[in-house]
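Structure, as structure tokens:
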Amino acid sequence: MQTEITLIGNEGFRLAAGGPCIYIDAFYRMIPGVAGTAFTRAKAVTKADLILVTHSHWDHFHAEAVADVRSRTAATVVGPATVTRALRGIVPPGNLVELEPPLTAAPAPAASRTVRLANVTVTALRTFHSSDHNSYLVETPTFRFFHDGDNEDTTRIDAAALGRLDALLIGPWQGSHWVDFIEKLAPRRYFLMHLSNEELAQHDAGTFLPELCDHVPDGLVVLRPGSSFVFKDVNKKP
């Protein structure tokens with residue numbers, strides 16, 4: 001069984017995981033210097049089973065683009081209340097799933113809510129960025145991944161509860177303790193995201209990560225928009 005992860009842009013990904021085609025934060029507005037143009041335009045998408053949105057910031061969510069994809073694919077859209085409210089009237093209620101865990105006060109761990117959708121299980125964790133921010137654990141019959149979104153404090157996620165991960169999608173936020181989080185989870189591969197074009201160029205030159213951390217855990221993947229990584233078998237190393 002093969003799973004392909006493609007970076008659409010910013011924190012937007014497509015995961016084709018043995019059957020379900022999953023998009024997360026893939027339909028957004030470009031913000032110069034923050035989020036570059038998406039490699040895949042919404043109108044070019046012809047297959048999508050599930051669309052996840054972490055929060056309602058423009059560089060993660062464009063309501064009309066999500067509705068356009070849903071209209072041609074019949075995908076289910078999952079997001080916090082700010083997202084589902086923005087989609088009411090342009091996405092049928094039967095295609096909208098609101099996941100809104102409560103926001104916990106420090107030092108309590110992030111609260112979670114889980115929904116089962118056909119052959120995909122989605123767990124939203126109310127993590128720490130905007131007041132409406134979700135991170136997502138997604139489980140298919142053959143693949144498990146965690147998209148951390150813009151979470152600014154990984155110490156308040158119960159890493160042990162996430163279990164074994166094939167892929168971790170994470171931003172290298174200063175102060176979020178992202179390196180420690182990666183090492184606790186020990187995913188098969190982890191993918192850095194929310195990198196600007198300048199940061200990608202710095203990474204290519206070998207100067208980006210040395211300025212952020214004193215060591216880089218094994219398993220790093222850095223994609224450019226439009227590029228992909230293929231896990232060839234969930235039971236074997238890629």
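For region 110-190, rounded, prolate or oblate, judged on the Cα gyration tensor with a ≥ b ≥ c (square roots of eigenvalues), a/c < 1.5 rounded, else prolate if a/b > b/c?
It is oblate, given that a/c is not under 1.5 and a/b is not larger than b/c.
What would the Debye equation give as log₁₀ I(q)/I(0) for the chain at q = 0.14 Å⁻¹, counting only Cα atoms as equal point scatterers?
Taken in order of the listed q values, log10 I(q)/I(0) reads -0.87.
When the helix-only estimate is applied to the chain (DSSP H runs of n ≥ 4, each -39,500 (n - 2.57), divided by the residue count), what is the mean residue ellipticity at 222 nm, nearest 500 deg cm²/dmol?
-4000 deg cm²/dmol
Determine, for LEU212, LEU96, the number of other Cβ atoms within 10 Å of each Cβ, and report the residues in order from fewest to most.
In order of increasing Cβ crowding within 10 Å: LEU212, LEU96.
Take SER227, project a point 7 Å from its Cα along the Cβ direction, then tell me which residues of region 25-53 have their backbone nitrogen under 15 Å from it.
39
Using Cβ counts within 10 Å as a stand-in for footprinting exposure, how do SER176, SER71, SER135, SER130 rank, fewest first?
Listed from fewest to most nearby Cβ atoms, that is SER71, SER130, SER176, SER135.
Find the relative contact order for the chain and round it to a whole percent, using C-alpha pairs within less than 8 Å whose residues are 6+ positions apart.
Relative contact order, the chain: 19 percent.
Using amide H atoms built 1.01 Å from N in the peptide plane, name the residues 5+ places from LEU52, or on other chains, whose amide H lies under 5 Å from its own.
Residues meeting the criterion, in which the H sits 1.01 Å from N, are TYR23, ILE24, ASP25, VAL78.
Can you sort CYS213, CYS21 from fewest to most other Cβ atoms within 10 Å of each residue's own Cβ?
Exposure proxy ranking, most exposed first: CYS213, CYS21.
Values in this text are rule-based calculations from the coordinates and carry no lab data. Not measured: the values here are computed from a predicted model. Here the Cβ is made from the backbone with ideal geometry for all residues, glycine too, and neighbour counts use every protein chain on show.
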